[in-house]
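The values are calculated or read from the model by the stated rules, or taken from the named source; none is laboratory data. Being a predicted model, the structure only gives us computed values, none of them experimental. Counting neighbours? That spans all protein chains shown, and the Cβs are built from the backbone with ideal geometry, glycine included. The area values use the complete protein model at the heavy-atom level, side chains included, leaving out ligands, DNA and RNA. Shrake-Rupley method; radii C 1.70, N 1.55, O 1.52, S 1.80 Å.
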Amino acid sequence: MTETVISSATREVVIGFDRPFVIIGERINPTGRKVLAEEMKQGDYSRVMADAAAQVEAGAHMLDVNAGIPLADEPAILAQAVRLVQSVTDVPLSIDSSIVAALEAGLDVYQGKALVNSVTGEEERLESVLPLIARHNAAVVAISNDETGISEDPDVRFEVARKIVERAADHGIHHSNVVVDPLVMPIGAINQAGRQVMHIVRRLRGELKVNTTCGASNISFGLPNRNGINGAFLTMAIGAGMTSAITNPLHGEVMQAVMGADVMMGHDADCARWIKQYREPGATAEANGGRRDRPRRRRRA
């Protein structure tokens, strides 16, 4: 079974087929957050550090760090953000940028083995990002689009993923260090988007033997009660074999759905994590007069 090991200086996280689902906190991203973007641009990282701590407290196993701010020095800002986040938490990081120089700056200061977000199937991107991944012994998110854009045919997206995995191997990058993002499309616009993702994830797991991730909130874009949709989507995606997701751990109903899916998949031994999280304080067998509740058997007629 494929396992992708990501680490900080002191902690490892393993993304794997038979492992609990890995939540990668998405909050450290200035896209759509004007206040955060301006603060980072001005060298104020107090909100970045607060977001890091809050996400870990809420249950994130890793954090995605993005510094995509127009007309800013993204390499310098991303490197500083990585340094400061690693100073306040020991969870591993996903270093996230569309600019190769920013990825390199982040990797240069990172302590541990990072996940790099991301590489696509475009030739220029493959030849600029994959050597960087190999040189830093990192893992990489492979996004299944190329020069032709994002196909609505899930089998086309699968073939783009296959291409990236094969090209990574040419650079000495084992398939266990490639985590494929099959691209989640808004289900409000494409009614079959959910089924498409499940189809690709099953093929990625069964044929390419790679771990998977996604931007989970994309599925609910434009819909009301987005967290309800996101939780339902992640539960089904985990059932199909998805092993991680970039999402907001501060949404309790989404985290509960993920933990419940881990229980159902047998990835929470003896339901221990679920019980620890949700058992009421002091709830013991004595609360039932010393009796343990047993499942009821249906009487035969």
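Among ALA245, ALA261, which is within 14 Å of the chain's Cα centre (by Cα) and open to solvent by less than 10 Å² (accessible area, probe 1.4 Å)?
ALA245
State whether the residues of region 60-69 include one that is open to solvent by less than 40 Å² (accessible area, probe 1.4 Å) and within 20 Å of VAL201 (Cβ to Cβ).
yes
Just to be sure before I move on: is ARG11 closer than 20 Å to ASN177 by Cα and either out of contact with any helix residue (DSSP H, G or I) (no Cβ under 7 Å at 6 or more places or on another chain) or modelled with pLDDT under 95 (or both) in the structure I sent?
yes
Quick check: is even one residue across region 118-130 among the basic types (Lys, Arg) and without any contact (Cβ under 8 Å) to a residue 40 or more places away in the chain?
Yes - at least one qualifying residue is present in region 118-130.
Within region 42-59, restricting attention to residues that are closer than 11 Å to VAL85 by Cβ and within 19 Å of the chain's Cα centre (by Cα), which residue is surrounded by the fewest Cβ atoms within 10 Å (Cβ to Cβ)?
ALA53
State all residues of region 20-60 that are touching a residue at least 12 places away in the same chain (Cβ under 8 Å), closer than 22 Å to HIS251 by Cα and basic (Lys, Arg); if no residue qualifies, say none.
Matches in region 20-60: ARG27, ARG47.
Which is exposed (fewer than 15 other Cβ atoms within 10 Å of the Cβ), more than 20 Å from MET62 (Cβ to Cβ) and in contact with an Asp or Glu (Cβ under 6 Å, 6 or more places away or on another chain), of GLU207, GLU147?
GLU147
Please specify each residue of region 150-186 satisfying the condition of being surrounded by fewer than 18 Cβ atoms within 10 Å (Cβ to Cβ) and at positive phi.
Matches in region 150-186: GLY172 only.
Taking the residues in region 119-144 that are open to solvent by less than 40 Å² (accessible area, probe 1.4 Å) and of a type in the set (Ser, Thr, Tyr) as candidates, determine which candidate is nearest to ALA245 (Cα to Cα).
SER144
Could you identify the single residue in VAL35, VAL14 that is open to solvent by 10 Å² or more (accessible area, probe 1.4 Å) and either on the phi > 0 side of the Ramachandran plot or assigned to a strand (DSSP E or B) (or both)?
Being open to solvent by 10 Å² or more (accessible area, probe 1.4 Å) and either on the phi > 0 side of the Ramachandran plot or assigned to a strand (DSSP E or B) (or both) holds for just one of VAL35, VAL14, which is VAL14.
Just to check your reading of the model, which residue among ARG195, ARG202 is under 22 Å from GLU3 (Cβ atoms) and either open to solvent by 10 Å² or more (accessible area, probe 1.4 Å) or not hydrophobic (A, V, I, L, M, F, W, C) (or both)?
ARG202
Quick one: in region 89-118, which of the residues that are open to solvent by 10 Å² or more (accessible area, probe 1.4 Å) and over 19 Å from the mean Cα position of the chain (by Cα) is nearest to GLN55 (Cα to Cα)?
GLN111
Scan region 212-226 for residues that are of a type in the set (A, V, I, L, M, F, W, C) and not in a helix (DSSP H, G or I) and report the count.
Number of matching residues: 3.
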